[in-house]
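Notes follow the structure.
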Amino acid sequence: MSIPAYFIIGSATSGRCGVCASIIEKALNDDDFCGVFISNNEEKTQFDKRIASAQNAGFINYSDDDDAREKISQLDANRFTHVFYIADSTKNLADEIEEFKKTVDCGYVKLARIWGVLDCATILKYPRECMPYADALAHFSDCLLLSRRSNISNKDVEDLKSRYEKLRYPMMTEYVNKKFEVSRPIELLIDEARRISMLFDDIDPIDELDFDDDDIPDEPFDLTRKPDPYMERLANGARIKTIPDISEYARKMRAEEQSQNEKV
């Protein structure tokens, strides 16, 4: 039996551990037990003790993707009801998604949903450099969680939210408050794909062809499944559509916020 897994993507300091702690405390039952996988490369957060001391959850540290897959294979499905897998924010987002696809394909976990935790302050402060990252996060997310909204106008946040509504992205969008809590934690646990990306979906390639069953062309047609645009590579191995690293800008944003708080 595969354990439902929630893949949590987002930049460092976006609030992913805070969201995990909130959902563990507000949405999981006493008889649940959640393994929170987190890379050894991630910095400690103020929420780590809450997760580690929870009666229905605990951290499982991993050194790399192979180590994570080995530890996932050893989980007792009779005990673990959920896996929260926090992607390594020190690595390229596309690489992390590609590796987690391999993890899901091993069969020990079943992808329930992808949560994208979006650092709104950083994206809106450095839109030219960081908006492509936000677009990639939205592309893969079933639930886009708008975090780090302090000192940002409501209009700017609404404009960011409207960006994807106008593009008809089907994902659920949720606001994250200053305590990194979401208002509908139980809904985030619903096992329902709402993402643009079909990378994790088991789809017959013929279903992606645009013709009726009664109007199949006589000439040969290609049944090769189209790659996800963020996974597609050139002959030299480089990705065609790259996702930028926004960690430098996130660090600048956190330093600015700290400076502002010290002046208050």
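Structural remarks
- Applying the criteria of a DSSP loop state and at most 14 other Cβ atoms within 10 Å to the trypsin sites (Lys or Arg not before Pro) of segment 134-180 yields ARG168, LYS178, LYS179.
- Taking segment 11-74 and dividing mean pair separation by its residue count, relative contact order in percent (alpha carbons under 8 Å, at least six apart): 35 percent
- DSSP-loop chymotrypsin sites (Phe, Trp or Tyr not before Pro) across segment 85-124, with at most 10 other Cβ within 10 angstrom: none
- The phi-based Karplus calculation (6.51 cos²θ - 1.76 cosθ + 1.60; θ = phi - 60°) puts the 3J(HN,Hα) values of segment 178-189 at 5, 8, 6, 9, 10, 7, 10, x, 5, 5, 5, 8 Hz, whole numbers, x for Gly and Pro.
- 3J(HN,Hα) from dihedral phi, segment 93-108, Karplus parametrisation 6.51/-1.76/1.60, rounded to Hz, x for glycine, proline: 4, 4, 5, 5, 5, 4, 5, 5, 4, 5, 5, 5, 5, 5, x, 7
- A Förster radius of 51 Å combined with the Cβ-Cβ distance from ASP66 to GLN260 puts the calculated FRET efficiency at roughly 0.75.
- Whole-angstrom gap from segment 129-150 to segment 74-123, using each part's C-alpha centre: 16 Å
- Using θ = phi - 60° in the Karplus curve 6.51 cos²θ - 1.76 cosθ + 1.60, the 3J(HN,Hα) couplings for segment 7-19 round to 8, 10, 10, x, 6, 4, 6, 6, x, 5, 5, x, 4 Hz; x is entered for Gly and Pro.
- The mean accessible area for residues of segment 79-200, using a 1.4 Å probe and ignoring ligands and nucleic acids, is 44 Å² per residue.
- Accessible carbon and sulfur surface of segment 97-157 relative to its total accessible area, %, 1.4 Å: 48 percent
- Between the amide H of TYR62 and those of ILE38, SER39, ASN40, distances stay under 5 Å, these residues lying 5 or more places away or on another chain, with hydrogens modeled in the peptide plane.
- The chain, relative contact order in percent, only Cα pairs under 8 angstrom and at least six apart counted: 23 percent
- Neighbour cut-off at most 12 other Cβ (10 Å), DSSP loop, trypsin sites (Lys or Arg not before Pro), segment 1-80: LYS44, ARG79
- Stretch in the chain that is longest and holds no GluC sites (Glu not before Pro) that DSSP places in a loop and that have at most 14 other beta carbons within 10 Å: 44-191
- With the largest listed first and rounded to whole Å, the semi-axes of the equivalent ellipsoid of the chain from the Cα gyration tensor are 31, 25, 18.
The values are calculated or read from the model by the stated rules, or taken from the named source; none is laboratory data. Everything quoted here is computed from the prediction, not taken from an experiment. In this analysis, Cβ positions are derived from the backbone assuming ideal geometry, glycine residues included, and neighbour counts consider all displayed protein chains. Heads up: the accessible areas ignore ligands, DNA and RNA and are worked out on the full protein's heavy atoms, side chains in. Shrake-Rupley method; radii C 1.70, N 1.55, O 1.52, S 1.80 Å.
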